[in-house]
Structure formats: structure tokens, C-alpha cells
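The values are calculated or read from the model by the stated rules, or taken from the named source; none is laboratory data. Fair warning: this is a prediction, and the values are worked out from it, not measured in the lab. Glycine also receives a Cβ, built like all others from the backbone with ideal geometry; neighbour counts cover every protein chain displayed. Each accessible area value is taken on the protein alone, full model and side chains, heavy atoms only, with ligands, DNA and RNA left out. Shrake-Rupley method; radii C 1.70, N 1.55, O 1.52, S 1.80 Å.
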Protein chains: 2
Amino acid sequence: MSAYHPLNEKEAIEIALTLEGVFAPGAKLVSREIGDGNLNLVFHISDTQSSQSIILKQALPYAKVVGESWPLTLDRARIESEALILEGELAPGLVPKVYKYDAELALTVMEDLSDHVIMRQGLISNNRYPLFAEHISTFLAQTLFFTSDLGMNQQSKKLRVRDFINPELCKITEDLIFDDPYKDAETNNFEEVIRDEAQALWGDGSLHFEVALLREKFLTHAQALLHGDLHTGSIFIKSDSTKIIDPEFAYYGPMGFDIGAIIANLLLNYSSREHWNSDAASTDEYRTYLLETIRDIWTKFEAKFRVLWAEHCEDSLAKSAPGYLDDYLRRVLQDTIGFAGCKMVRRIVGLAHVADIDKITDASTREQAQRLALSIGKSLIRLNRRAASIEELIEKAQSSISVLKA
Amino acid sequence: MSAYHPLNEKEAIEIALTLEGVFAPGAKLVSREIGDGNLNLVFHISDTQSSQSIILKQALPYAKVVGESWPLTLDRARIESEALILEGELAPGLVPKVYKYDAELALTVMEDLSDHVIMRQGLISNNRYPLFAEHISTFLAQTLFFTSDLGMNQQSKKLRVRDFINPELCKITEDLIFDDPYKDAETNNFEEVIRDEAQALWGDGSLHFEVALLREKFLTHAQALLHGDLHTGSIFIKSDSTKIIDPEFAYYGPMGFDIGAIIANLLLNYSSREHWNSDAASTDEYRTYLLETIRDIWTKFEAKFRVLWAEHCEDSLAKSAPGYLDDYLRRVLQDTIGFAGCKMVRRIVGLAHVADIDKITDASTREQAQRLALSIGKSLIRLNRRAASIEELIEKAQSSISVLKA
């Protein structure tokens, strides 16, 4: 079975039975293919007698995007599997356990998280997750610090950079986030009613300048091993547990790209609240919850990063240089704000959207949410290099609402 | 002969005879081992009947530094050979031709440049090289632009970053340039008479801050494929020809590190002129020549880089963003100035020195040269992030002399 081919359900069960210590000997297993078939096959394998279940995720050698299929390296399965294993070591309990990785089959066997929900859906359903900021800030501080030149041997880090060179997946980000939304690209995907917004983006030279600087950082700044696609659709959650999944975009890049991704997706939900909440008061309340979560994510990330630095910094010159850590964290914050802005803009005008906004049924409410997200996104991009505090980001999110309502 | 072992002269000649199109059939070859035996064997092979000659350079699996030997990867021979070939494509005529690379033997066979002199020796001998700025600026503009995300396919660039991951050689730079001179490290090597200068470096927090930022750039900023060790000892020169050799430190790093290296070495020579010139007038004249060369290097580099950008820029967003190229070049200039400063400081206080200064026979003149080099170096480090023009660097070199004389 070892030569690469897409598995069928019978084969998936056979593989599951070979795992040691997962299912009881002679267990009766059933398989359900639950992937969307675009990038991966995802088999949910469960024991009909016990509650035991696992996931087999197999990469497909192509991606289906806008109906077309293009070839995509199976090496992304290796990258995903190695990133998951490493993240699990650095942030125990915050990613699914990996039971097995088969390079030939581009197959990762991992913990089943069916008792969690996808966080994007949880937010759309008006759930609150009081432990989320604590969990995600731990994930961010641990994975970013300990894969950077501050927190690991600087020669080993270079070998890790090499292992996570990821051109094909990075290209998706470079095109869809840092290029296409700023020109009249075929891949762009926006509603006709906001064509004025798209055209304004295409002609905004000072915005292009800021995005070009952020794009350059994405291309050149090998600061830490990123998840690379840390939106609320890459997070499984329930009240007491957070699990980060799908790190197939992992590569060495700027820390702020991961932190900005999660903040952007909370702000995209923030922009959509008029639809999901039943009245103005609950809309405001939920928005306040989201902004507090964002503030907590940054504040807790920063506090944890400072503790790791104090205890584990491997760079003696950086450690002894007065003000270096403050300056480092200020730059991470600025990147976070800039990348958050880029991630918001692309979800409105670019190829891939988010359900938080696309599923708003009333056209006028949807348009308003799109304009709000763009307004916040652009203001964050413009703010990035001047920012000194997360409060400035929060203020932009709040003031964009007043401006649109005026 | 293919398993790795250090070659003897007989074997070197045998290999030379197998090269196609280099020596006449049946040629009588003689070999001379001319390496310093610290890092590499270097065989000069010549035909006793014709003027034809070549160089065989074989990496040794260790480095001798301060009497000790430490193991060093033979992979540096691959990196050197691949870098030479690539530089030769991008900057034809400015590096030695490579006739053959043998991975097993860690051996590169290349053009003999015995009709050139090492530039450091040429400057010490008061020679002037009116074409040097033209040549080196072409080398810098062509190799840095066309290996960056501006001048090559951005996915191919990532694969090239991977090919040039170079942990061991980078560690030498990280330790000897960006760490040891700023603390009381065992590897430091300075004359007792300037202990006050060394101690001032160790306690200078604001300087540590600037060096830590430059160190961070060296560690994380994968901007272009660098030569990585571009001092005047890595340049063979004669009046009409410049050849850059020894790129075994090549890796993806900040452009300013290469440009700063060459400028630093011109400024180290600048600091030593009282000894090499016969009187004050010729000292001043030669210094003026060196500063004009530095100005020309930057000015020509910038002009050529702008032409390459206009004709070959592969990044459409960067290209369309108003002011992006100006900002990019301003940052390269700032890095150049900062790295030049670091490279000067380390040659006075750190492990490896330069003959320009060490060979000054009079102790007081030598001390003065060392203090001048440190003064310029530190002022460049402090200047780096504020600089907007190469004239500011030149002004620092000039004013440091007046301050020391006062």
C-alpha cells in the first residue's frame, strides 16, 4: 500500500488497525470521509463498540480553487506533520496528537477532535470562549519564542528554516493576501455593490507602499516558525479546550503574521455582528467581548514572551542590550497590526472569504459589514509602523464603526 | 581517488590532466601548494612549457584558529563552488572561472589569478585602482539584486535560500563580529595599550542595542545571496581587472552586510595611512582617494540597482508602490553603514585583525590607527538607523580624524 495513491475507506481502516495502542485488538472500525475534497482526504475512523476515534488526513496532489485544479506538492503533508509534532512539544495540549506520519502516502494520523467545534462557527453561533485568549497566547508565545533566534540554538534554527522552506503554500499567501487585492486581478472576488471600495484599493498608492513593506517582511523575515494560516477556521474549540490544526502553510516568517491572522479573524467576526446578534445591545456586548479577547491575546502573549525571554533567552548580546526586548516586542506589535489589516482586506475583496460575513443573508447588512471590515483593515495597515500599543488597534476598530454610521 | 582525503601534489596533477580543454595533451605539469593550511589546500598547477595554469582548492575538514583545530563541514566547498558559478553568471568576469567541482573531494578547480594581487596588499603598497568602484558596484548590484525577491522568481528564491543554509560559517560571523567584541570574550585579541577602548565597548549599552539590531538582521533577514566575507583580502585586483574570490561564507542575508564589508576594509586602510604614506600630504591624498572610492561604490551601486529595478523588477506590488524603491535603498544604506561599523570594530578588538593596521611597526602609530578605526566604527554603528546619505558616513570618517587629533 506504500506507493502514493488516494486511499479508499477500506484502506484507511486497515491502516488504523495497524496503529499500536489506539484501538482494542479485533476492534470493528467504520470510516467516514469528511474532507471537502479540495486539498485533502479526511477519514474519520471510529470503533463501533467504544467511543475511540481518530482522523486520517491524506494530502491530494492538487488543489481545487475556483473550479480549476492545480498541482500542489505532497511535501505539505510532511510540513504539516512535522509542524504539528513540534507545536505539540512546545505547546502541549494545544494541537491534536499525531499518532503516525507516512511520507509515501502523504498521510498523517491524528487525534479526533469531533467533540470540539470550528471556532469560526462557534463565534457565528454567539458562543464565548473565556479561556481562548489564555490558550492562544500560550500557543503563540511558546511556538514563536522557541523557534526564533531568541529561544533556540541559532545554528539549529537555520536547519529548521531549511526544513520548512515552503514555496508553493507561501505563494498562495503572497498572491492572495499581498498582491491581488491591490490590483484588478482575475482571482479577486467581491460583490458588485462594493466595486467602489475595490477600485479605491487599486488606486491607493500610500496603502500599496505599506502593503509592499509587509509583503517584503513576509518574503524575507525568517523570524520564527509560523503556523502560517492561523484563522478561526484553523482552530477547534470548546469551553475548556483549544486545538490549533492544519499548519500546512508553516514556514519561517514574521511573528506578527500569526498573531495578526487570529486578530483579523476576530475583527472580521466583529464586523459581522449586526446580523448574528438579535439587537443593538447584544451586538455591542459581543463586540466588546471580541475586543477584550483581542486585548487579552496581545497582553498575555507579551507577558508570556517576556517571561520566556527572562528565563530562556539564548542570545547573550540581545539579552544584555538595554531596551532590546521592548523594541523587539514593539516591532512584533506593529507587524501584528499591519498583517491583521492585510488579512481583513483580502477576505472582502480577494479570492477566499469568511462565513462570518458571506453568510449574512440581508444584502444591505452584508454590504455594511464588508465596508466596516475594509475600513478597519485599511486603518490598521496605515497604522502599523506608528503603533506603540494594542489600544490603538482597538481604537481603530471602535472608531471605524462611528465613521461608517455617521 | 574519489573518497575524501587531503590530496597530495601528485594527485592534484593527475586531476588537472583529466580536465578537458585546459592543458595541451601530454603537458608537463608542476604543482605548488600555496594555501596557508588553515582551512584549505590550494594547489597551483602550471604547465612548464606554456603559461597555462590553474588553481585546485580543496577544503579541509577542520579549521585552525588560535592554534586549536575545530571540525568544519566540507559542505562549504559546495557552497563556495555554487556561489562562484552563480556569481560568474550574474557578474561575468568579476569572479574566477570554475572548471570543475568534485563534491566527494570537496574540490574546486578554478582560474589562476596569479597575475593579480590581493587588494589589501595593493592598498598597503599605495596602489590606486580607478576601476575598482565601477567593478565592485557592478558585482554588488548584479549579485544582490538578482538573488533577491526583487530580481528573481520568489519561489525559486526560497529554494536557493535552502541551498545556501550555512550554519557553521555563519556562526563564525555571529560570534566574532556580533558578539565577542562586546564582552570580555576569550577569543578577543587586542593590544594591552587599548584595553580602555575594549572595556568601553563592553560597557556601552546603547552601542550593544544597535549591534543587537544588526545581529538580528544578520540572523533573520534573508534578503539576498551574500558573498558573506567581502573584505579586501577576498579580492584579487590589477589595474584593469577585479576578481572576487572565496565565497564560502555565502548565505541569504542583508545586502548591507556585503557592501558594508568592503567599505569597512577601505576605512581600516584609511585608518592606517600615517604609516604607509611618507608624509602628511600624501597621507591626506590617499585618504581622499579612499573616501572617493567609497562614495563611488555606493553611488554607482545605487544607480545600477535602480536601473535593474526599472528593467527587471519581478514584484509588481513593490514596483507600483510610490516611494518603495527609495525606501528600500535607504534601508540598504543604513544597514551598510551599521555593518561597516561592526566590521571595523571587530578587526581591532576581536580575534582576526587586518595587515593594514597590524603591520604598522611603530607602536604609537599603530595605537593611533587602532583608536581611529574604533572611533569611526563606533560612530557608524551609532549613525546607522538615522542615515540618509553616504555623505554622512564620509563625514564621520573625516571628523573622527579631527577629534582624535584634537
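Run down B:THR361, B:THR365, B:THR293 and say which single residue is outside any helix (DSSP H, G or I), under 29 Å from B:ASN126 (Cβ atoms) and not aliphatic (A, V, I, L, M).
Details: B:THR365 fails: outside any helix (DSSP H, G or I); B:THR293 fails: outside any helix (DSSP H, G or I).
Result of the check over B:THR361, B:THR365, B:THR293: B:THR361.
Do any strands (runs of 3 or more DSSP E) entirely within region A:66-174 hold 1 or more residues that are without any contact (Cβ under 8 Å) to a residue 60 or more places away in the chain and surrounded by fewer than 17 Cβ atoms within 10 Å (Cβ to Cβ), and if so, which?
So the answer is A:68-71.
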Within region A:278-300, is even one residue in contact (Cβ under 8 Å) with a residue 12 or more places away in the chain, open to solvent by less than 20 Å² (accessible area, probe 1.4 Å), basic (Lys, Arg) and touching a Lys or Arg at 6+ places or on another chain (Cβ under 7 Å)? yes
What's the number of the condition B:GLU210 fails, among (1) open to solvent by 20 Å² or more (accessible area, probe 1.4 Å); (2) under 11 Å from A:ALA321 (Cβ atoms); (3) under 18 Å from the mean Cα position of the chain (by Cα)? (3)
If I ask for residues that are more than 29 Å from the chain's Cα centre (by Cα) and within 18 Å of B:GLU111 (Cβ to Cβ), which ones from region B:5-21 would you list? B:ILE13, B:ILE15, B:LEU17, B:THR18, B:LEU19, B:GLU20, B:GLY21
State which residue pairs qualify: first residue assigned to a strand (DSSP E or B) and inside region B:21-42, second residue among the aromatic types (Phe, Trp, Tyr) and modelled with pLDDT of 90 or more in any location, beta carbons under 8 Å apart, and separation of 6 or more residues or different chains. B:LEU29/B:PHE23; B:SER31/B:PHE43; B:ARG32/B:PHE43; B:GLU33/B:PHE43
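Kindly indicate whether any position in region B:306-318 is touching a Phe, Trp or Tyr at 6+ places or on another chain (Cβ under 8 Å), open to solvent by 20 Å² or more (accessible area, probe 1.4 Å) and among the small types (Gly, Ala, Ser).
Going through region B:306-318, the residues touching a Phe, Trp or Tyr at 6+ places or on another chain (Cβ under 8 Å) turn out to be B:308-309, B:312, B:317-318.
If we keep only those that are open to solvent by 20 Å² or more (accessible area, probe 1.4 Å) too, we end up with B:309, B:312.
With the extra rule that they be among the small types (Gly, Ala, Ser), the set shrinks to none.
No: region B:306-318 contains no residue that is touching a Phe, Trp or Tyr at 6+ places or on another chain (Cβ under 8 Å), open to solvent by 20 Å² or more (accessible area, probe 1.4 Å) and among the small types (Gly, Ala, Ser).
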Before we move on, is A:ILE263 open to solvent by less than 10 Å² (accessible area, probe 1.4 Å), on the phi < 0 side of the Ramachandran plot and outside any strand (DSSP E or B)? yes
Of (1) more than 23 Å from A:LYS217 (Cα to Cα); (2) open to solvent by 20 Å² or more (accessible area, probe 1.4 Å); (3) touching a Cys at 6+ places or on another chain (Cβ under 8 Å), B:GLY377 satisfies all except one. Which? (2)
Given (1) within 13 Å of the chain's Cα centre (by Cα); (2) within 14 Å of chain B (Cβ to nearest Cβ), where does A:GLY233 come up short, assuming only one miss? (2)
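Which residue, of A:GLU82, A:GLU68, A:GLU89, A:GLU20, is out of contact with any Asp or Glu (no Cβ under 9 Å at 6 or more places or on another chain) and either within 26 Å of A:LEU225 (Cβ to Cβ) or at pLDDT 95 or above (or both)?
Working: A:GLU82 fails: out of contact with any Asp or Glu (no Cβ under 9 Å at 6 or more places or on another chain); A:GLU68 fails: either within 26 Å of A:LEU225 (Cβ to Cβ) or at pLDDT 95 or above (or both); A:GLU20 fails: either within 26 Å of A:LEU225 (Cβ to Cβ) or at pLDDT 95 or above (or both).
It is A:GLU89.
Could you check region B:195-225 and list, in sequence order, the residues that are more than 8 Å from chain A (Cβ to nearest Cβ) and closer than 27 Å to B:MET152 by Cβ? Steps first, answer last, please.
Filtering region B:195-225 down to residues more than 8 Å from chain A (Cβ to nearest Cβ) leaves B:195-204, B:207, B:210, B:214, B:217-218, B:224-225.
Once the filter is applied, which keeps residues that are more than 8 Å from chain A (Cβ to nearest Cβ) and closer than 27 Å to B:MET152 by Cβ, region B:195-225 yields B:LEU214, B:LYS217, B:PHE218, B:ALA224, B:LEU225.
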Taking A:THR336, is it in a helix (DSSP H, G or I) and at pLDDT 95 or above? yes
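Return yes when A:LEU176 is within 30 Å of A:LEU107 (Cβ to Cβ), at pLDDT 95 or above, within 17 Å of the chain's Cα centre (by Cα) and assigned by TED's automatic domain parsing to the domain that holds A:VAL349 and no when it is not. Outline the logic, then answer.
Details: within 30 Å of A:LEU107 (Cβ to Cβ): yes; at pLDDT 95 or above: yes; within 17 Å of the chain's Cα centre (by Cα): yes; assigned by TED's automatic domain parsing to the domain that holds A:VAL349: yes.
In short, yes.
What's the total number of residues in region A:175-194 that are part of a helix (DSSP H, G or I), within 11 Å of another protein chain (Cβ to nearest Cβ) and touching a residue at least 40 places away in the same chain (Cβ under 8 Å)? Walk me through how you get there before you give the answer.
To start, the set of residues in region A:175-194 that are part of a helix (DSSP H, G or I) comprises A:175-176, A:180-182, A:192-194.
Pick out the ones that are also within 11 Å of another protein chain (Cβ to nearest Cβ) and you get A:175, A:180-182.
Next cut, touching a residue at least 40 places away in the same chain (Cβ under 8 Å) only: A:180-181.
Of the residues in region A:175-194, 2 are part of a helix (DSSP H, G or I), within 11 Å of another protein chain (Cβ to nearest Cβ) and touching a residue at least 40 places away in the same chain (Cβ under 8 Å).
Rundown of residues vs (1) β-branched (Val, Ile, Thr); (2) over 20 Å from the mean Cα position of the chain (by Cα); (3) not assigned by TED's automatic domain parsing to the domain that holds B:ARG162, yes/no style:
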| position | (1), (2), (3) |
| --- | --- |
| B:ALA63 | no, no, yes |
| B:ARG78 | no, no, yes |
| B:PRO96 | no, no, yes |
| B:GLU104 | no, yes, yes |
| B:GLN121 | no, no, no |
| B:LEU131 | no, no, no |
| B:LEU140 | no, no, no |
| B:PHE145 | no, no, no |
Output the residue which, of all residues in region A:304-342 that are small (Gly, Ala, Ser) and in contact (Cβ under 8 Å) with a residue 40 or more places away in the chain, is nearest to the other protein chains (Cβ to nearest Cβ). A:ALA318
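Would you be able to say whether some residue in region B:127-142 is out of contact with any Cys (no Cβ under 9 Å at 6 or more places or on another chain) and within 13 Å of chain A (Cβ to nearest Cβ)?
Within region B:127-142, the first condition is being out of contact with any Cys (no Cβ under 9 Å at 6 or more places or on another chain), and the residues that meet it are B:127-142.
Then keep just the ones that are within 13 Å of chain A (Cβ to nearest Cβ); that gives none.
Scanning region B:127-142 turns up no residue that is out of contact with any Cys (no Cβ under 9 Å at 6 or more places or on another chain) and within 13 Å of chain A (Cβ to nearest Cβ).
A quick yes/no check of all residues on (1) part of a helix (DSSP H, G or I); (2) within 21 Å of A:SER234 (Cα to Cα); (3) open to solvent by less than 40 Å² (accessible area, probe 1.4 Å); (4) touching a His at 6+ places or on another chain (Cβ under 7 Å):
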residue	(1), (2), (3), (4)
A:ARG347	yes, yes, yes, yes
A:ASP356	yes, yes, yes, no
A:LEU383	yes, no, yes, no
A:ILE394	yes, no, yes, no
A:SER399	yes, no, yes, no
A:VAL403	yes, no, no, no
Can you pull out the residues in region A:35-49 that are at pLDDT 90 or above and surrounded by fewer than 16 Cβ atoms within 10 Å (Cβ to Cβ)? A:THR48, A:GLN49
